[in-house]
Structure formats: structure tokens, C-alpha cells
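Working notes, beginning with the structure itself.
Values quoted throughout were computed directly from the atomic coordinates according to the rules given, and no laboratory measurement underlies them. Worth saying up front: this structure is predicted, and the values here are computed from it rather than measured. Cβ atoms come from the backbone with ideal geometry, glycine included; neighbour counts cover every protein chain shown.
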């Protein structure tokens, strides 16, 4: 009997799930069984769920001063861009990290995207950490593999 690996890898890749092959490979290695139709549906819904994604542009990004707020959470990092203006506003500006005001007419700003199934349990803590000077805004991040919905802490612009 031929190995099922080429068939499900091809099917998942054709479904447009770039990281699905890695996740599916892990599932297959654990169980020896993989129903790719269910796996693709689950991964597609996970990829479309903004509650599992945080776009960072400042102190929470990998290697930055407040990355510890996310470092213990399991997840994957990637990069992309959003449009907006970096302003010397918010508490991060005092640390050398200007706040971002989203604006489609603004220049592209590079962001780090953190995808984690653990994020929903930490949103309240992260909201408190960011404080009153920032609001969690839903954004569309442009990535090499397409658009991704994510939450981003946008500075509340001073008028």
C-alpha cells in the first residue's frame, strides 16, 4: 500500500495553508492517522481567528524590553506590515518606541505577528499592561502568504 503522506501533504498545501503541513506532520507523527479534511478546516478556522494573533511593533516584539509578557506563551512568530504613523506618544515613546496610529494613507510599518492558541486567556492581562494610552484594534496585516487579521495595540492619539 502506498504511503498516504504525499496525498495529504498535497491536499493541505493546495488548500492554501502554508504552516498546515508542519502542523499536520506533527499530528501524523503522534497518531499515525490524519483526516486532512478535518485538519484543513481546523487550521483554516485557526488562521482566520484574530483572537489568536497579536501584531506587535514595539516593546512586546521579540528581543525587546517587554517581550517577557509573551515569552512564556507557546506560539509562532512571523512578520508583516500595516499602514500608519509612528508618533512620539504613549508610555513606549519614553523607552524609544513611538506609538502607532493606524491610517491606510500612512506608510507601511513592519510588525511582528505572534500566533498563539494561548492568547485568549491573556488578553485581559495584556490590556492592563498596555494601559489607558493604548487601545486594542483589529487590523489586517499584509504578509508574504497573504492578509492576516490580528489585534494590535494602537496608541490613542493626543489631539
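Sorted from fewest to most neighbouring beta carbons within 10 Å, what does the list 82, 155, 65 look like?
65, 82, 155
Suppose the Debye formula is applied to equal point scatterers at every Cα of region 50-155; what is log10 I(q)/I(0) at q = 0.14, 0.19, 0.23, 0.24 Å⁻¹?
With no solvent term, the Cα-only Debye profile gives -0.48, -0.93, -1.41, -1.54.
For residue 83, project a label point 7 Å along Cα to C-beta. Then give me every residue of region 124-146 with its amide nitrogen under 15 Å of that point.
Answer for this model: 139-143.
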